[in-house]
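The structure appears below as structure tokens.
Every read-out reported here was derived from the displayed coordinates using simple, explicitly stated rules and does not represent laboratory data. Just so you know, these numbers come straight off a predicted model, no measurement behind them. For neighbour counting, all protein chains shown are included, and Cβ atoms are generated from backbone atoms with ideal geometry for every residue, glycine included.
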Amino acid sequence: MKKLYFLALALIVFACTTKEKVWNESEVVGYYGAQINDENIISVDDMMAQLSTQDSVNVKVEGEITATCAMKGCWMNLVLPSGEEMRVTFKDYAFFVPKEGMEGNRAIIEGKVKRTKTDVATLKHYAEDAGKSVEEIAAITEDKDELAFEATGVVILNSEKSL
């Protein structure tokens, strides 16, 4: 009876442990911030569906990188189903991603996404960080309703070898 009890307990403990993702190192560009496991990763489309009924959600999402901050790597953009971009910043400014060469790669990000209004000054700051021209920056004259994602952890995968 003790052996059966011990076996049942061992199975429960084994079943409750989280399996950490062991990506093939040849596909990983880098790990940034908190470690992320491979459970409950959703698509950007699924994230948008969750946001249709809520103003903010905590998610782990995979999407395509369209840009990173050329100054420090302090933000990146992921493409949304509409073709627009969602800015991803990093919790407490605690980590950064590469400043160049990430466009087209896949990112798995974990954190909180919310609807927000970004003011003109901040939009111009982001445009400067992205290396936009003086004319493009001057054309920013209105606040923008958008999604803002604050990531606690990021895994960047080479788009040619990713999931």
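Rg and Dmax in Å for region 44-119, alpha carbons only: what are they?
My reading of the Cα-based Rg and Dmax gives 12.3, 36 Å.
Past 20 Å, Cα to Cα, is the threshold; run LYS60/LYS91; LYS72/LYS132; LYS99/LYS124; LYS60/LYS124; LYS60/LYS112; LYS60/LYS144 against it and keep the listed order.
As for pairs spanning more than 20 Å Cα to Cα, those are LYS60/LYS124; LYS60/LYS144.
Please identify every one of the GluC sites (Glu not before Pro) in region 50-102 that sits in a loop by DSSP and has no more than 12 other beta carbons within 10 Å of its own beta carbon.
When the GluC sites (Glu not before Pro) of region 50-102 are filtered for loop state and at most 12 Cβ neighbours within 10 Å, GLU84, GLU100 remain.
All other residues with a Cβ under 9 Å from the Cβ of THR68 taken together, and with Lys, Arg as +1 and Asp, Glu as -1, what is their net charge?
-1
Full extension from GLU39 to ASN24: what is 0.36 nm times the residue separation minus their Cα-Cα distance, to one decimal in nm?
3.7 nm
Which trypsin sites (Lys or Arg not before Pro) does region 29-120 hold that lie in a coil by DSSP with at most 13 other beta carbons within 10 Å?
LYS72
May I ask you to sort SER52, SER133 by Cβ crowding, counting other Cβ atoms within 10 Å and putting the fewest first?
So the ranking, lowest neighbour count to highest, is SER52, SER133.
With just the Cα atoms of region 60-99, tell me how far they stretch along each of the three principal axes, in Å, largest first.
Each principal axis gives a Cα extent; for region 60-99 these are 29, 22, 12 Å.
Sort out for me the Cα centre separation of region 47-61 from region 99-163, rounded to whole Å.
18
Using only the alpha carbons of region 28-157, what is the convex hull's orientation-averaged projected area in square nanometres?
Result: a mean projected hull area of 7.6 nm².
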